[in-house]
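What follows is calculated from the coordinates using simple rules that are stated; it is not laboratory data. Remember, it's a predicted structure, so these values are computed and weren't measured experimentally. Because the Cβ atoms are built from the backbone with ideal geometry, glycine has one as well, and the counts that use them run over all protein chains shown.
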Amino acid sequence: MCKNLAELGKGESGEVIGFDSGHMASRRFQSMGIRPGKIISRVSSQLMGGPVTVSVDGRQTAMGRGMAAKVKVKVLNQ
């Protein structure tokens, strides 16, 4: 099942399969360690449209929901 990162539930994990964005946004994701093939998990999010916190390779980073919606992930079976 494929979703975008903003649709993942708290504690849910997935494998990054690509980006639905341009070259500059893709480079920004890669600078955060978010690359195709990496396992990413959603740590938390704010209720009213605030940032989404994710964990990749043991590091946590936050991004806006708009950016998170551009990261396509394949949900891992829990």
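For the reader, a short list of remarks on this structure follows.
- Kirkwood-type radius of the chain, with distances r between different C-alpha atoms, in Å: 12.1 Å
- Dipole magnitude for the chain: computed about the Cα centre from +1 point charges on Lys and Arg Cβ and -1 point charges on Asp and Glu Cβ, it is near 140 debye.
- Working note: Karplus 6.51/-1.76/1.60 with θ = phi - 60° gives the stretch 50-67 the couplings x, x, 9, 9, 10, 10, 9, 6, x, 10, 9, 9, 10, 8, x, 4, x, 5 Hz, where Gly and Pro are set to x.
- Extension reserve of the K74-S44 stretch, reckoned as 0.36 nm per residue once the Cα distance is removed: 8.9 nm
- For the chain, lysine pairs separated by 8 or more sequence positions, or belonging to different chains, with Cα-Cα distances below 13 Å total 5.
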